[in-house]
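Structure first, then comments.
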Amino acid sequence: MSAESTQLNRRAFLKLSTAVGGGLMLGFRWGAAEVVPAKPATFKPNAFLRIAPSGSVTLLNQNPEIGQGIKTAFPMIIGEELDVDWADVVIEQAPLDTEAYERQVAAGSGAIRTTYQTLREAGASARALLVAAAAQQWGVAPQSCRTAKSVVTHPPSGRSLTYGELADAAGKLPLPRSVTLKSTKDFSLLGTRVRGTDVPKIVTGEQRYGIDTKTPGMLYGAITNPPEHGQKLGSVDDTAALKVPGVVKVVSWPDKVCVLATHTYAAFLGKDALKIEWEAAAVRESTARLSQAFADAIANGSGEHRRRVGNVERALDGADRVIEATYEVPFLPHAPMEPINMYADVKADSVHLLGPMQTPANARQLTSQLTGLPETKITTEMTRIGGGFGRRLKTDFVEDAVQASRLAGTPVNIVWKREEEMIGGNFRPAALYHYRAGIDSQGRLIAWHLKSASITGRGAIVPTNFPNGAVPHFQVDNHRVRSAITTAAWRSPNHNVCAMLDQSFLEEVGYALGKEPLAFRLELLRQAETDPYGNINYEPARLRGVLEEVAKMADWGNPPAGRFQGIAAHYSHHSYVAQVAEVSVTEGNLEVHKVYCAADCGQVINLSGAENQCQGGIIDGIGAAWFGDMPIVDGASANTNFHTYRLIRMNEVPEIETKFLKTDYPPTGLGEPALPPASAAVANAIFAATGVRIRKLPFNANDLAG
Amino acid sequence: MAQFKLIVNGETRTVEADPNMPLLWVLRDLLGLTGTKYGCGMSQCGTCTVHLNSAPIRTCMFPVSAAANQSITTIEGLSPTGDHPLQVTWREMDVPQCGYCQGGQIMSAAALLQSNPEPTDEDIDAAMTGNICRCGTYLRIKAAIKLAAQRGAAQ
Ligand code: FES
Ligand code: FES
């Protein structure tokens with residue numbers, strides 16, 4: 001990619017403002033392009049870049065950090081085009097003008113992708129203004145000036161001025177009509193290692209999270225959810241709860257009870273002392289009932305076609321051989337380390353919301369409905385988030401805080417005991433998958449049919465996954481079964497299981513055909529690349545690229561003595577990731593020794609953050625597949641805390657080696673894409689080690705002793 | 001309700017509390033020291049780890065009465081300047097993701113290095129398995145502990 005000149009026809013993104021205390025103040029708008037108003041007149045910046053006469057470069061925004069590192073990554077993009085000295089950069093949380101500062105949805109790996117161009121243009125525009133100011137002062141052509149490390153120089157005359165010295169003058173110049181963005185080969189900041197902005201505060205315990213919120217007059221609230229999925233609240237006897245010292249009030253609203261107290265311990269004791277009658281759910285839910293219902297739906301139902309290429313039924317009828325297998329995955333809670341919590345202060349004429357919410361716009365809308373107040377009277381403040389994994393895209397806990405504050409007439413910080421999160425639903429959906437593959441007389445894969453059953457409307461499937469495009473007859477169907485159990489997106493939604501299932505079944509087919517796993521994938525990818533069947537949403541060459549790279553890294557086919565390899569590749573959230581896992585199984589005990597990871601996520605922003613995200617995704621992917629289970633028995637969640645809901649721990653974590661492919665594509669996120677292939681690579685390695693094909697998650701529900 | 005004297009990060013503090021009240025809530029809600037975190041309330045995750053007379057304890061199940069008149073160190077008090085060798089390596093290696101578990105991780109690691117300044121990989125695993133990191137920063141945690149131990153040994 002060469003240096004590109006961008007016409008700032010999207011002028012709506014940028015605006016010069018007057019900075020308090022002088023200097024240059026550039027307002028811009030980030031987030032999804034569609035949130036930018038069409039008319040510049042109505043344009044309101046939601047972030048500001050300020051260069052002070054002192055030379056400090058400040059980025060002001062309200063940007064929730066959930067652990068993906070965007071709070072550091074975004075300023076790096078601006079800083080690259082601005083040619084700033086990273087040591088001068090200060091990142092500040094904006095004041096509480098939520099209307100101006102809010103991003104629409106602070107979710108997922110999309111954040112970087114949609115914002116990259118905007119941030120680059122903002123940085124380049126500020127740089128152009130500083131250069132113009134210097135050129136004017138020196139009476140030279142701007143083109144003859146250079147910038148580096150927060151200084152403008154004029155090489156022919158040897159003059160130089162710092163950004164701080166130029167800031168005042170630059171702030172008075174008109175915005176440039178067009179700016180030139182750097183060529184990626186000239187990047188000096190992007191792709192390097194920069195430490196997370198908040199790390200110093202985290203390691204000293206200073207960093208505040210939503211759960212740490214305390215304001216004058218505030219009460220702590222302990223929430224009780226129905227103990228069985230789908231139950232309704234009957235009557236509440238709070239006599240004993242109110243006797244607990246420190247308990248102030250007990251309030252309830254449909255299907256929730258909240259004990260309010262002067263400290264969390266009293267709130268928890270009061271919660272335990274409640275005597276509540278719950279009305280039975282219409283169906284007493286259980287994993288056993290759902291498994292059966294899923295199987296029945298797949299056997300009898302017609303299902304909704306989510307993808308249809310060619311004619312699968314006819315192809316399977318005419319096939320020489322049909323290979324089939326059934327896979328099953330359990331419910332999974334999110335278990336973010338910071339328990340669910342939210343602060344609300346509901347007053348007669350205003351509401352303030354503060355806490356770990358990822359969808360502040362939805363929170364405000366909901367609060368407006370609950371209180372009858374217009375949205376303009378509702379302010380939101382996002383705290384740093386102690387993990388979300390999808391859970392905090394929901395707003396149910398915002399409702400809890402608003403209801404409790406409204407009913408109690410005080411500010412409240414509600415918290416769900418860990419058990420309440422496990423009991424309370426909003427899980428990754430359990431699902432059943434029935435695969436059939438048709439092989440013709442020449443040993444070619446000619447048909448692929450996946451029938452899935454789950455409890456969500458669109459199904460727990462990704463109908464576009466590879467080998468889509470490589471098989472002439474390809475169909476994916478969803479069968480919906482109704483359930484009272486609530487669901488929520490779980491890190492890398494649907495991909496988190498479908499990668500494992502698709503990549504496992506693909507290997508089953510490969511083995512049946514006597515094909516080597518890597519060679520089989522490459523052969524299918526060549527087909528998708530040269531002559532795809534139907535539309536494909538991924539680039540086969542890039543998927544091939546990461547596969548070939550990881551095979552090299554891991555010396556595929558030559559594992560260290562006593563270890564067995566498994567391979568997987570997956571495309572999700574616009575990124576391509578392939579992994580090789582090395583495992584051994586001794587007397588049925590799995591050990592994952594090493595995972596090699598090759599990722600093509602376009603331009604890497606912060607190498608340190610990217611590596612951390614890959615490691616986290618791989619560890620999470622393996623941990624969830626190995627141990628993650630949430631059986632529903634007699635209507636209730638069987639695992640209620642970390643003693644039975646197992647998370648992966650340090651002694652179970654593999655060594656990880658990550659490589660990012662150098663490509664000229666714009667950045668695509670990494671918070672999610674590294675996760676899906678990990679469990680697939682391990683499952684395939686388990687098969688190589690034991691001959692046991694994992695068809696039911698978690699891994700540890702399988703007998704690996706063979 | 002009873003009065004308890006606690007020596008928290010070198011300062012004597014007096015609290016009025018139910019003797020069974022876990023130290024976690026005393027620190028967080030009564031003393032405003034929110035660096036010690038609630039994660040599970042049943043000694044399963046380690047986010048609530050502090051030192052009691054330099055030994056690591058899980059405060060979520062540790063009654064305040066059992067800590068009376070004793071010396072407690074929280075993450076806020078681990079080093080007055082924030083320069084404990086582990087805090088330094090934690091920053092250098094850019095360990096945290098969401099960061100919520102990290103105070104507890106550092107407190108567990110600090111207790112380990114105090115009793116065992118040159119831990120093996122197995123020692124580190126054994127001392128740290130009680131601390132969950134949901135974001136999966138385990139490899140960097142381990143590397144940061146090893147680096148701090150190496151520097152300690154070199155001195
Ligand atoms: S909160 Fe104490 S160990 Fe989890
Ligand atoms: S950094 Fe998020 S739980 Fe450890």
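The values are calculated or read from the model by the stated rules, or taken from the named source; none is laboratory data. From a predicted model like this one, the values you see are computed outputs, not experimental measurements. Because the Cβ atoms are built from the backbone with ideal geometry, glycine has one as well, and the counts that use them run over all protein chains shown. Side chains included, ligands, DNA and RNA excluded: accessible areas come from the protein's heavy atoms. Shrake-Rupley method; radii C 1.70, N 1.55, O 1.52, S 1.80 Å.
Just a few scattered comments:
- A:LEU173 vs. criteria surrounded by fewer than 20 Cβ atoms within 10 Å (Cβ to Cβ) and out of contact with any Leu (no Cβ under 8 Å at 6 or more places or on another chain): no
- Taking the criterion of being open to solvent by 50 Å² or more (accessible area, probe 1.4 Å) and over 13 Å from A:THR262 (Cβ atoms), the residues of the stretch A:212-235 that qualify are A:PRO227, A:LYS232, A:SER235.
- Criterion (open to solvent by less than 10 Å² (accessible area, probe 1.4 Å) and acidic (Asp, Glu)) met by exactly one of A:GLU338, A:GLU328: A:GLU338
- Taken over the stretch B:74-106, the criterion of being in contact (Cβ under 8 Å) with a residue 60 or more places away in the chain and within 16 Å of ligand 1 (Cβ to nearest atom) is satisfied by B:THR74, B:TYR100, B:CYS101, B:GLY103, B:GLY104.
- Selected residue (only one of B:ARG13, B:ARG28 is more than 7 Å from ligand 1 (Cβ to nearest atom), among the charged types (D, E, K, R) and open to solvent by 50 Å² or more (accessible area, probe 1.4 Å)): B:ARG13
- Note on the stretch B:129-148: among residues that are under 22 Å from B:LEU52 (Cα atoms) and open to solvent by 10 Å² or more (accessible area, probe 1.4 Å), the one that is nearest to the other protein chains (Cβ to nearest Cβ) is B:THR129.
- Count of residues meeting criterion [within 16 Å of ligand 1 (Cβ to nearest atom), surrounded by fewer than 19 Cβ atoms within 10 Å (Cβ to Cβ) and either more than 12 Å from chain A (Cβ to nearest Cβ) or in a strand (DSSP E or B) (or both)] in the stretch B:16-25: 0
- Of all residues making up the stretch B:32-59, the number that are crowded, with 20+ Cβ neighbours inside 10 Å, away from ligand 1 (no atom under 11 Å from the Cβ) and in a loop (DSSP other than H, G, I, E, B): 3
- Just one of the numbered conditions (1) part of a strand (DSSP E or B); (2) over 22 Å from A:THR410 (Cα atoms); (3) of a type outside the set (A, V, I, L, M, F, W, C) is not true of A:TYR220: (2).
- For the stretch B:38-59, taking the residues that are more than 16 Å from ligand 2 (Cβ to nearest atom) and hydroxyl-bearing (Ser, Thr, Tyr), the one that is modelled with the lowest pLDDT is identified as B:SER54.
- Hey, B:ALA126 farther than 26 Å from A:TRP416 by Cβ and either facing chain A (nearest Cβ under 7 Å) or buried (at least 23 other Cβ atoms within 10 Å of the Cβ) (or both) or not: no
- Qualifying residue in the stretch A:580-587 (condition: within 11 Å of chain B (Cβ to nearest Cβ) and over 26 Å from A:SER188 (Cα atoms)): no
- Taken over the stretch B:107-139, the residue count meeting the criterion of being within 16 Å of ligand 1 (Cβ to nearest atom) and not in a helix (DSSP H, G or I) is 7.
- Filtering the stretch A:158-207 to residues that are farther than 22 Å from A:GLY55 by Cα, within 14 Å of chain B (Cβ to nearest Cβ) and in contact (Cβ under 8 Å) with a residue 40 or more places away in the chain leaves A:THR192, A:ARG193, A:GLN207.
- Filter result (within 15 Å of ligand 2 (Cβ to nearest atom) and touching a helix residue (DSSP H, G or I) at 6+ places or on another chain (Cβ under 8 Å)) within the stretch B:117-133: B:MET128, B:THR129, B:GLY130, B:ASN131, B:CYS133
A quick yes/no check of all residues on (1) away from ligand 2 (no atom under 16 Å from the Cβ); (2) within 14 Å of chain B (Cβ to nearest Cβ); (3) among the charged types (D, E, K, R):
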position: A:ASP320; (1), (2), (3): yes, no, yes
position: A:ILE323; (1), (2), (3): yes, no, no
position: A:TYR327; (1), (2), (3): yes, no, no
position: A:PHE331; (1), (2), (3): yes, no, no
position: A:TYR343; (1), (2), (3): yes, yes, no
position: A:VAL351; (1), (2), (3): yes, no, no
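- Each residue in the stretch B:60-91 was checked for being touching a strand residue (DSSP E or B) at 6+ places or on another chain (Cβ under 7 Å) and either part of a loop (DSSP other than H, G, I, E, B) or at pLDDT below 95 (or both), and 5 pass.
- Tally, over the stretch A:628-651, of residues that are within 14 Å of another protein chain (Cβ to nearest Cβ) and either of a type in the set (Asp, Glu) or under 25 Å from the mean Cα position of the chain (by Cα) (or both): 11
- Subset of the stretch B:138-147 [touching a residue at least 12 places away in the same chain (Cβ under 8 Å), within 14 Å of ligand 2 (Cβ to nearest atom) and more than 17 Å from the chain's Cα centre (by Cα)]: B:ARG140
Conditions tested, residue by residue: (1) buried (at least 20 other Cβ atoms within 10 Å of the Cβ); (2) on the phi > 0 side of the Ramachandran plot; (3) away from ligand 2 (no atom under 16 Å from the Cβ); (4) of a type outside the set (Lys, Arg).
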site	(1), (2), (3), (4)
A:ILE632	yes, no, yes, yes
A:HIS643	no, no, yes, yes
A:PRO654	yes, no, yes, yes
A:GLU657	no, no, yes, yes
A:THR668	yes, no, yes, yes
A:GLY671	yes, no, no, yes
A:ILE686	yes, no, yes, yes
A:ALA701	no, no, yes, yes
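- Qualifying residue in the stretch B:72-93 (condition: touching a Lys or Arg at 6+ places or on another chain (Cβ under 7 Å) and within 16 Å of ligand 2 (Cβ to nearest atom)): yes
- Checking the stated criteria, A:GLU228 turns out to be in contact with a helix residue (DSSP H, G or I) (Cβ under 9 Å, 6 or more places away or on another chain), part of a loop (DSSP other than H, G, I, E, B), of a type in the set (D, E, K, R) and away from chain B (no Cβ under 14 Å).
- Within the stretch A:145-157, the set of residues being touching a Phe, Trp or Tyr at 6+ places or on another chain (Cβ under 9 Å) and not in a loop (DSSP other than H, G, I, E, B) comprises A:THR147, A:VAL151, A:VAL152, A:HIS154.
- Here is the figure for the stretch A:272-317: residues that are more than 26 Å from A:TYR435 (Cβ to Cβ) and open to solvent by less than 60 Å² (accessible area, probe 1.4 Å) total 6.
- Near pairs, Cβ below 6 angstrom, 6+ apart or cross-chain, from the stretch B:46-71 (outside the structural domain of B:ALA110 (by TED's automatic domain parsing) and touching a residue at least 40 places away in the same chain (Cβ under 8 Å)) to any residue that is of a type in the set (Val, Ile, Thr) and more than 16 Å from ligand 2 (Cβ to nearest atom): B:CYS48/B:THR59; B:VAL50/B:THR59; B:VAL50/B:ILE72; B:VAL50/B:THR74; B:HIS51/B:THR73; B:VAL64/B:VAL26; B:SER71/B:ILE7
- Some residue of the stretch A:279-300 being touching a Ser or Thr at 6+ places or on another chain (Cβ under 7 Å) and part of a strand (DSSP E or B): no
- Hits in the stretch A:301-320 (condition: part of a loop (DSSP other than H, G, I, E, B) and at pLDDT 95 or above): A:GLY310, A:ASN311, A:ALA319, A:ASP320
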